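The values are calculated or read from the model by the stated rules, or taken from the named source; none is laboratory data. Remember, predicted model here, so these are calculated numbers, not experimental data. Neighbour counts are summed over all protein chains in view; Cβ atoms, including those assigned to glycine, are modelled from backbone coordinates with ideal geometry. For the accessible areas, the whole protein counts, side chains as well, though only heavy atoms, and no ligand, DNA or RNA atoms are used. Shrake-Rupley method; radii C 1.70, N 1.55, O 1.52, S 1.80 Å.
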Protein chains: 2
Amino acid sequence: MTLLDPALQTLAHPEPFEGLGVRMVFARGEDIYTQDEKADLLYRVISGAVRTTRIMSDGRRQIGDFYFGDDMFGLECGQTHRFAAEALTTCEVLVFKPGAALPGHTGDTRIQAALWEATTQELERSREHLMLLGRHTALERVGVFLLSLSRRMGHGELAMGRQDMADYLGLTIETVSRMLSQLQAEGMVEFFGARRYRLLRPERLRAWADA
Amino acid sequence: MTLLDPALQTLAHPEPFEGLGVRMVFARGEDIYTQDEKADLLYRVISGAVRTTRIMSDGRRQIGDFYFGDDMFGLECGQTHRFAAEALTTCEVLVFKPGAALPGHTGDTRIQAALWEATTQELERSREHLMLLGRHTALERVGVFLLSLSRRMGHGELAMGRQDMADYLGLTIETVSRMLSQLQAEGMVEFFGARRYRLLRPERLRAWADA
DNA sequence: CGACACGTTGATTACGCTCAAAGATCGTGG
DNA sequence: CCACGATCTTTGAGCGTAATCAACGTGTCG
């Protein structure tokens with residue numbers, strides 16, 4: 001991990017976090033924080049992508065979420081991180097200490113509003129993720145994943161490999177691969193190589209995510 | 001649904017919500033709010049139990065969470081409720097309009113702190129729920145569910161039936177029943193009737209929930 | 001160009017679902 | 001208080017989806 005000279009930090013970031021913390025660079029695969037580590041810092045993705053993971057003693061792995069540009073992560077209810085955070089790609093992360101800036105204290109209301117917004121959005125995403133895992137077939141999980149990812153990114157490029165998709169969706173890498181092939185065969189999506197894709201029937205995928 | 005005369009409201013509730021809203025009583029099975037309803041109110045369980053559910057067009061149902069005494073619910077990121085809330089048992093609920101009391105505004109910091117606490121706790125529970133659905137077997141899901149419920153309630157009584165457990169755990173009612181039988185056969189839990197139980201090996205269940 | 005990680009496809013297995021029926025449990029009213 | 005009915009729960013038999021085990025492509029980078 002590399003610490004950038006604060007003096008070099010530009011002001012390219014949206015309020016209200018500029019200048020609040022330290023910018024750090026992580027290499028692909030590097031830990032940003034680990035499971036059971038003390039949780040007293042907050043993080044914001046500047047560039048690149050991050051995943052949070054939890055590994056069970058027998059090796060089963062669950063990905064909690066993926067984070068991209070401007071997403072905040074690292075928020076915990078308790079004292080320690082229940083998931084680890086790892087750099088999915090090389091990434092730049094803004095790290096800062098929330099301290100008394102958390103809601104419920106008398107602090108900068110702009111920061112509190114941003115934290116509140118980020119937290120409720122994360123809760124919302126967590127609930128959608130839950131829906132996907134609880135009552136959807138393998139084909140639906142993979143299709144809805146591609147849809148939500150393309151909506152979030154604005155383009156069709158997977159930042160993660162098949163194993164990460166599988167561990168996010170509660171499937172095996174083989175099943176993910178098969179479902180991607182089936183989605184292609186059914187004309188739902190077109191792939192260019194393993195990671196670039198274009199959705200051909202987003203409205204049908206939206207129906208899968210639905211009510 | 002019944003509206004209690006505010007004059008009759010006692011002050012039996014913890015700060016900071018007392019006197020803030022209206023107390024309402026819902027009968028078992030009654031909707032507190034529905035899917036796609038406008039989300040501008042917050043709720044707090046006074047007594048009884050509540051479930052949030054989402055139903056897909058083909059009838060598949062997912063339970064988002066269960067809420068018991070003093071739990072807050074109804075918080076949404078967007079403008080509408082993505083899940084419905086229903087009374088699991090007859091229950092009393094405190095309903096109030098958060099308005100400018102949300103973090104990020106200049107309002108009562110005690111209320112903001114309580115909202116923040118409730119929200120991060122809900123996020124935490126949502127993540128645990130996610131883990132359960134993603135990478136756990138049917139037996140593990142049912143066992144860990146009994147454990148977490150007993151930790152939350154302080155006693156071993158199920159407020160919900162098998163169908164609700166199934167829809168929370170992403171299983172069928174038959175599988176839930178079979179796993180309960182198996183847990184009993186393995187001496188993990190003892191049942192008195194269909195709803196009262198006692199955990200005999202909580203430490204083993206804790207290991208199932210684990211890292 | 002070669003080596004290695006990553007991804008796809010095939011064959012077989014197993015876990016949980018579906019369909020079906022019997023057994024508990026609970027509320028209600030005689 | 002007991003009998004009845006409705007609802008909920010348990011158990012059984014067979015099936016289907018996704019997991020596992022295995023081999024073959026493909027893409028990427030020194």
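Here is how the numbers come out for the structure above:
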{"item": "Criterion: in contact with a Pro (Cβ under 7 Å, 6 or more places away or on another chain), on the phi < 0 side of the Ramachandran plot and away from DNA strand D (no atom under 16 Å from the Cβ) - qualifying residue of B:147, B:205", "result": "B:147"}
{"item": "Some residue of the stretch B:37-51 being within 11 Å of chain A (Cβ to nearest Cβ), acidic (Asp, Glu) and over 11 Å from the mean Cα position of the chain (by Cα)", "result": "no"}
{"item": "Residue that is within 16 Å of the chain's Cα centre (by Cα), more than 7 Å from chain A (Cβ to nearest Cβ) and over 30 Å from residue B:185 (Cβ atoms), where the choices are B:100, B:87", "result": "B:87"}
{"item": "Candidate set from the stretch A:17-36 (those that are part of a strand (DSSP E or B) and aliphatic (A, V, I, L, M)); member that is farthest from the chain's Cα centre (by Cα)", "result": "A:22"}
{"item": "Residues located in the stretch B:178-211, provided they are within 21 Å of the chain's Cα centre (by Cα) and among the hydroxyl-bearing types (Ser, Thr, Tyr)", "result": "B:197"}
{"item": "Condition check for residue B:209: touching a helix residue (DSSP H, G or I) at 6+ places or on another chain (Cβ under 9 Å), within 14 Å of chain A (Cβ to nearest Cβ) and near DNA strand C (Cβ under 9 Å from one of its atoms)", "result": "no"}
{"item": "Output for the stretch B:131-158, where each listed residue is open to solvent by 20 Å² or more (accessible area, probe 1.4 Å) and within 13 Å of DNA strand C (Cβ to nearest atom)", "result": "B:135, B:137, B:138, B:139, B:140, B:141, B:157"}
{"item": "Evaluation of residue B:122 against (1) more than 10 Å from DNA strand C (Cβ to nearest atom); (2) more than 10 Å from chain A (Cβ to nearest Cβ); (3) buried (at least 18 other Cβ atoms within 10 Å of the Cβ) (one fails), failing number", "result": "(2)"}
{"item": "Answer from A:94, A:115, A:75 - the residue that is assigned to a loop (DSSP other than H, G, I, E, B) and open to solvent by less than 30 Å² (accessible area, probe 1.4 Å)", "result": "A:75"}
{"item": "Matching residues in the stretch A:159-173 - criterion: being within 11 Å of DNA strand C (Cβ to nearest atom) and either part of a helix (DSSP H, G or I) or more than 23 Å from residue A:85 (Cα to Cα) (or both)", "result": "A:162, A:163, A:164, A:165, A:166, A:173"}
{"item": "Lone unmet requirement of (1) of a type outside the set (Lys, Arg); (2) more than 13 Å from every other protein chain (Cβ to nearest Cβ); (3) within 13 Å of DNA strand D (Cβ to nearest atom) for residue B:170", "result": "(2)"}
{"item": "Selected residue [more than 25 Å from residue A:171 (Cβ to Cβ) and among the charged types (D, E, K, R)] from A:23, A:82, A:54", "result": "A:23"}
{"item": "Qualifying residue in the stretch B:174-181 (condition: more than 13 Å from DNA strand C (Cβ to nearest atom), over 18 Å from residue B:62 (Cα atoms) and of a type in the set (A, V, I, L, M, F, W, C))", "result": "no"}
{"item": "Residues (within 14 Å of chain A (Cβ to nearest Cβ) and either in contact (Cβ under 8 Å) with a residue 12 or more places away in the chain or more than 11 Å from DNA strand D (Cβ to nearest atom) (or both)) located in the stretch B:153-164", "result": "B:164"}
{"item": "Qualifying positions in the stretch B:54-66 - in contact with a helix residue (DSSP H, G or I) (Cβ under 9 Å, 6 or more places away or on another chain) and not in a loop (DSSP other than H, G, I, E, B)", "result": "B:54, B:61, B:62, B:63, B:64, B:65, B:66"}
{"item": "Residues located in the stretch A:184-202, provided they are surrounded by 13 or more Cβ atoms within 10 Å (Cβ to Cβ), part of a loop (DSSP other than H, G, I, E, B) and within 15 Å of DNA strand C (Cβ to nearest atom)", "result": "A:186, A:188, A:195"}
